[in-house]
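For reference, the structure discussed in these notes is given below.
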Amino acid sequence: MMMKLTAIDSAITTETVALSGKSYSELRSSANNRLFVRCSDPANKGKSCVLELVQHGAATTTTTKLVTPLDSNVRSAVHEYGGGSYLPISLTKDATSSAARELILYTDYSLGHSLFASLADENETHSSILIETPEAARFADFNHDRKRCRVICIMEDHTDPFPDMVINRVVSVSLDPLRRAVWKTTDKNSTSSLIVLAQGNDFYSTPVLSPNGTHVVYTTWNHPSMPWYTTSISVQKLDEQTGEPVGVLLTVPSSSSASSLLEPRWSTNDKIVYLSDESGWHNFYAWDIMAEGEQPTCLLKKDAEFTDAGQGWILGLSPYVLLPDGRILGRYSTAADGSILVIININDGSVEEVSRECLPPSPFHMSTFCCTEDIDNKDMYLYFLGGSPTDPIAIWKLGISATPKQPAVKVSSSVDH
């Protein structure tokens, strides 16, 4: 039987669908407990901006404010997949000053991947300041070296754009010209404008400075390996004054030559924690860089993945956080329950599993963690991006100090700015 098809008008147009697609990524907290997120907005020609999420104490209501210029496009293209495109920083007038100006350091995809800082005036109008960097260079995965007034990051050199000729490095970029522009001062420090901290391999990610500024740790790998197959973690000592690399490069030992080691963090000045799949699953490990000949310790052995699918290629995913008291808060996933939160005590090895009653119903996936402290209410809060096949990605908040813990709350699922 033949059926005749009839076209009808619909109130839902292709434009309606396209303009409803705001998305979140790169959730970040600053040193003074401010919370930020990158928002991609189709209504703004698909450009991405950085928003601050303003909350007070345990309140679940959230207001947002734009902290990068509206015409900026906050996005990186390092490794082509990008990520790690911005960092909130506090810039003091000099090494002895306590007063600081709050800025957002970011890379602008639409302006040749240039590096900028966003600064608000007394009317909360944001303007951008260009940071001088080499042409044809892309930047991502920023880490602030406050002591030396610079930022440590990944630099990808596209001077020769042929893929085989693109060069990845870990570098430091001086923020001294930015400091002078912000504070309108003429004094200079001795930090070089750009220092290469690591080079020679095909890819680098996750450079993290130790709390005392003496070492930098990072992940690296070479073709044909993929970051989920074979990577290594290296630790480089830095000169106390200049911040240049000195001494012998340390490499984290692994029980397998084909292991994927990812996401290093410093738990103390001498100890790093990271994820390794040498057991067949990405689990948490710890290694003391000063204990010569000592093997890393597995902190929680579990037949489960503590990483995101895009780990390595996509920068700045933050699959776990180190809490201010030194514990690890991470998550693993199961087919039945979705994401499950655990808190690991590095010192005594104890593990606390956060009740499923505190989290949205499964299947529910969590990613991109960050943490803030509420001094007044004596609590710590975990913020994360979460969603499911039926719930769009939203920003969630979970108090982690209270006993018993209260259910996580959705603090923002759409943004107006």
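Worth pointing out:
- Residue 407 out of contact with any strand residue (DSSP E or B) (no Cβ under 7 Å at 6 or more places or on another chain) and either of a type in the set (Lys, Arg) or without any contact (Cβ under 8 Å) to a residue 60 or more places away in the chain (or both): yes
- Out of 81, 106, sole residue that is at pLDDT below 95, in contact with a Phe, Trp or Tyr (Cβ under 6 Å, 6 or more places away or on another chain) and closer than 30 Å to residue 43 by Cβ: 81
- Screening the candidates 318, 339 for the property of being closer than 26 Å to residue 79 by Cβ and touching a His at 6+ places or on another chain (Cβ under 9 Å) yields one hit, 339.
- Checking each residue in segment 60-96 for being more than 21 Å from residue 319 (Cβ to Cβ), open to solvent by 20 Å² or more (accessible area, probe 1.4 Å) and not in a loop (DSSP other than H, G, I, E, B) picks out 63, 64, 65, 66, 90, 92.
- Yes/no for residue 310 being within 28 Å of residue 49 (Cα to Cα), open to solvent by less than 60 Å² (accessible area, probe 1.4 Å) and in contact (Cβ under 8 Å) with a residue 24 or more places away in the chain: yes
- You will find that of 50, 74, 67, the residue that is under 30 Å from residue 164 (Cβ atoms) and touching a residue at least 24 places away in the same chain (Cβ under 8 Å) is 74 and no other.
Table: residues versus (1) hydrophobic (A, V, I, L, M, F, W, C); (2) farther than 17 Å from residue 101 by Cβ; (3) open to solvent by 20 Å² or more (accessible area, probe 1.4 Å); (4) touching a strand residue (DSSP E or B) at 6+ places or on another chain (Cβ under 7 Å).
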position: 155; (1), (2), (3), (4): yes, yes, no, yes
position: 158; (1), (2), (3), (4): no, yes, yes, yes
position: 165; (1), (2), (3), (4): yes, yes, yes, no
position: 176; (1), (2), (3), (4): no, no, no, no
position: 179; (1), (2), (3), (4): no, no, no, yes
position: 188; (1), (2), (3), (4): no, yes, yes, no
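- Residue match in segment 234-241 (condition: in contact with a strand residue (DSSP E or B) (Cβ under 6 Å, 6 or more places away or on another chain), assigned to a loop (DSSP other than H, G, I, E, B) and open to solvent by 20 Å² or more (accessible area, probe 1.4 Å)): yes
- Restricted to strands (runs of 3 or more DSSP E) entirely inside segment 283-357, those with at least 3 residues that are within 23 Å of the chain's Cα centre (by Cα) are 283-288, 320-322, 328-334, 338-344.
- Check on residue 24, part of a strand (DSSP E or B), surrounded by 19 or more Cβ atoms within 10 Å (Cβ to Cβ), at pLDDT 95 or above and not aliphatic (A, V, I, L, M): no
- Whichever residue in segment 402-417 is at pLDDT below 85 and open to solvent by less than 50 Å² (accessible area, probe 1.4 Å) and, among such residues, is farthest from residue 354 (Cα to Cα): 415
- Annotation: of all residues in segment 248-259 being at pLDDT below 95 and open to solvent by 50 Å² or more (accessible area, probe 1.4 Å), the one that is farthest from residue 230 (Cα to Cα) is 248.
- Qualifying residue in segment 272-279 (condition: in contact with a Lys or Arg (Cβ under 7 Å, 6 or more places away or on another chain), at pLDDT 95 or above and over 16 Å from residue 318 (Cα atoms)): no
Yes or no, residue by residue, for (1) closer than 24 Å to residue 212 by Cα; (2) touching a residue at least 60 places away in the same chain (Cβ under 8 Å); (3) surrounded by fewer than 16 Cβ atoms within 10 Å (Cβ to Cβ):
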position	(1), (2), (3)
261	yes, no, no
266	yes, no, no
279	no, no, yes
284	yes, yes, no
297	yes, no, yes
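- Matching residues in segment 324-360 - criterion: being open to solvent by 60 Å² or more (accessible area, probe 1.4 Å) and more than 14 Å from residue 298 (Cα to Cα): 324, 325, 335, 336, 337, 352, 353, 356, 357
- When residues in segment 218-241 are screened for being under 22 Å from residue 157 (Cβ atoms) and of a type in the set (Val, Ile, Thr), 3 of them pass.
- Failed condition for residue 127, given (1) open to solvent by 30 Å² or more (accessible area, probe 1.4 Å); (2) assigned to a strand (DSSP E or B); (3) modelled with pLDDT of 95 or more: (3)
- Scanning segment 286-295 for residues that are open to solvent by 30 Å² or more (accessible area, probe 1.4 Å) and in contact (Cβ under 8 Å) with a residue 40 or more places away in the chain turns up just one, 295.
The values are calculated or read from the model by the stated rules, or taken from the named source; none is laboratory data. Just so it is clear, the structure is predicted and the values come from calculations on it, not from any experiment. Virtual Cβ from ideal backbone geometry, glycine too; neighbours counted across all protein chains shown. Ligands, DNA and RNA are stripped out before the accessible areas are found, and what is left, the full protein with its side chains, is counted by its heavy atoms. Shrake-Rupley method; radii C 1.70, N 1.55, O 1.52, S 1.80 Å.
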